[in-house]
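Single-structure report; data block below.
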Amino acid sequence: MRRVIAVGCVSLFACFALLRVRSIAADDIAERAHKLHFSSIVLDTHDDTTQRFFSKDFDLGKRNSDGHIDIPRMREGGMNGIFFSIWIDGRIMGPPAVQKALDQIDAVHENVRKYSKDMVFCRTADEVRRAHAQGKIAALIGVEGGHMIGNDIRVLRMFGDLGARYMTLSHFYNDEWADSSTDKPVHNGLTDFGKDIVREMNRQGIMVDISHVSDKTFYDALEVSRAPLIASHSSCRALCNHVRDMSDDMIKALAAKGGVIQINYEQSFIDQAYKDASDKLSGGVVAQFDQFKKECGDDQECFGRKMAEQEKQAVAEGKLPHVSWERIIDHIDHAVKLAGADHVGLGSDFDGATMPEGMEDCSKLPKITEALLRKGYSEDDIRKILGGNTLRVMEQVERVSREMQSQP
């Protein structure tokens, strides 16, 4: 036994001393991570909680037994900035789409007003920073799908006036002017009108979001936009070959123009084994969406419940593998190695996706900070990933908007 101990330590006493030092170091990292996380702006660019506002059983101000987001759990997890997603089925177009989007935008404003002691509505990066300084949660709006402007550029301006700070160019299906990643291409990317939409988004100070779009739509938008782009809730295709994720070349191109990829936590976007097994069971993301559409209609909360129930049963039956939250870290790390720490953020898809084990809701977010610190990330880089990078893009988009609006 003495010979074995001597391999790692000079003596038994030295071994105990070494273990004690390691324990103290581990505790130090945990403490540093806690301080870092709860002093940072933790800004999530995509949460589908808006759909829950229309349920009589949901109260944003109370801790809920289901779902991923509410104010108590946001406080517990240090999540102090949130983009509430405005979403409707991509096959609804024209005036009905506009009306449904307006209903959701109004619901966000009303919930922020109702809980004004905890939340404040924000339109700019400076306002987000002021909210943080006041100890309040910054609430913002992102429109998830260009079909909701009803093919009318004036509606885009109206959304901007109502506080929308980004718009995803398409959703699961092609809209009238942009191809989706999960539909058969019909426009070869962006139409001429679609390019006008991107230019108008630049002028209005609305971030161009390329999550959900086809690869060709992405490159078209990248070429046309005068401001950096975001991928509000996408992950890395090199680690999980899903069309909703971004290839390495796309991530590098996004970063070269100053943009940010905000990593999505959905299990089928971050784990290849899970995606393969899920596709085998459901026939793919669109087929699964269509199945839930038949069962749930336009009730997005029903979508989430059905998805969670199906996933839980399939895992219990051994038809789907377990996925750890640490896969999120793998995708963050991959994107950082490709593009640098200035071009990665967080876009969970909470309340709209199936979360990996250990990231059951937003109260678990401090795990991300501690994991990055343990991997050797600097505190400055972690702050950027948690929210700083998104704020920097917002500032650049705001600057481009001012420049364009000052021109005759």
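The values are calculated or read from the model by the stated rules, or taken from the named source; none is laboratory data. Note that this is a predicted model, so its numbers are computed, not measured. Cβ sites come from the backbone with ideal geometry, for glycine too, and all protein chains shown count toward neighbours. Areas reflect the complete protein model, heavy atoms only, side chains present, ligands, DNA and RNA absent. Shrake-Rupley method; radii C 1.70, N 1.55, O 1.52, S 1.80 Å.
Observations, loosely collected:
- Filtering segment 84-99 to residues that are assigned to a loop (DSSP other than H, G, I, E, B), at negative phi and small (G, A, S) leaves only G90.
- The single condition from (1) surrounded by fewer than 21 Cβ atoms within 10 Å (Cβ to Cβ); (2) over 18 Å from T217 (Cβ atoms); (3) not polar (S, T, N, Q) that D183 fails is (2).
- One residue from M404, M359 being of a type outside the set (K, R) and touching a Phe, Trp or Tyr at 6+ places or on another chain (Cβ under 7 Å): M359
- Output for segment 359-408, where each listed residue is touching a His at 6+ places or on another chain (Cβ under 8 Å) and not in a helix (DSSP H, G or I): E360, D361, L365
- Condition met for Y274 (in contact with a Pro (Cβ under 9 Å, 6 or more places away or on another chain) and either modelled with pLDDT under 95 or outside any helix (DSSP H, G or I) (or both)): no
- Selection of segment 197-218 for residues being in contact (Cβ under 8 Å) with a residue 60 or more places away in the chain, among the hydrophobic types (A, V, I, L, M, F, W, C) and not in a strand (DSSP E or B) yields only I206.
- Residue pairs meeting the criteria (Cβ under 7 Å; at least 6 apart or on separate chains; first free of Cβ contacts under 8 Å to residues at least 60 places away in the same chain, in segment 381-402; second assigned to a helix (DSSP H, G or I) and open to solvent by 60 Å² or more (accessible area, probe 1.4 Å)): K384/D342
- Filter result (buried (at least 22 other Cβ atoms within 10 Å of the Cβ) and closer than 21 Å to F83 by Cα) within segment 364-381: L365, I368, T369
- Enumeration of residues in segment 215-249 that are touching a helix residue (DSSP H, G or I) at 6+ places or on another chain (Cβ under 6 Å), under 15 Å from K337 (Cα atoms) and open to solvent by less than 10 Å² (accessible area, probe 1.4 Å): S235, C236
- You will find that of D44, D89, D70, D59, the residue that is among the acidic types (D, E) and closer than 25 Å to R392 by Cβ is D44 and no other.
- Residue count for segment 259-278, restricted to those that are out of contact with any Ser or Thr (no Cβ under 8 Å at 6 or more places or on another chain) and open to solvent by 10 Å² or more (accessible area, probe 1.4 Å): 5
- Among (1) open to solvent by 20 Å² or more (accessible area, probe 1.4 Å); (2) assigned to a helix (DSSP H, G or I); (3) hydroxyl-bearing (S, T, Y) - the single one T50 does not satisfy: (1)
- Residue among R123, R165, R157, R130 that alone is open to solvent by 60 Å² or more (accessible area, probe 1.4 Å) and not in a helix (DSSP H, G or I): R123
- Complete set of residues in segment 133-147 that are in contact with a Leu (Cβ under 9 Å, 6 or more places away or on another chain) and either open to solvent by 40 Å² or more (accessible area, probe 1.4 Å) or in a helix (DSSP H, G or I) (or both): G146
- Taking the conditions (1) in contact with a Phe, Trp or Tyr (Cβ under 6 Å, 6 or more places away or on another chain); (2) part of a helix (DSSP H, G or I); (3) open to solvent by 20 Å² or more (accessible area, probe 1.4 Å) in turn, G194 satisfies each one other than (3).
- Counting the residues of segment 334-358 that are open to solvent by less than 20 Å² (accessible area, probe 1.4 Å) and either outside any loop (DSSP other than H, G, I, E, B) or in contact with a Leu (Cβ under 8 Å, 6 or more places away or on another chain) (or both) gives 6.
- If you go through segment 197-214 and keep only what is buried (at least 24 other Cβ atoms within 10 Å of the Cβ) and of a type in the set (D, E, K, R), you end up with just D209.
- Assessment of segment 170-178 against the conditions (in contact (Cβ under 8 Å) with a residue 40 or more places away in the chain, in contact with a Pro (Cβ under 6 Å, 6 or more places away or on another chain) and not in a helix (DSSP H, G or I)) yields no matching residue.
- Residue within segment 219-231 that is assigned to a helix (DSSP H, G or I) and touching a residue at least 60 places away in the same chain (Cβ under 8 Å) present: no
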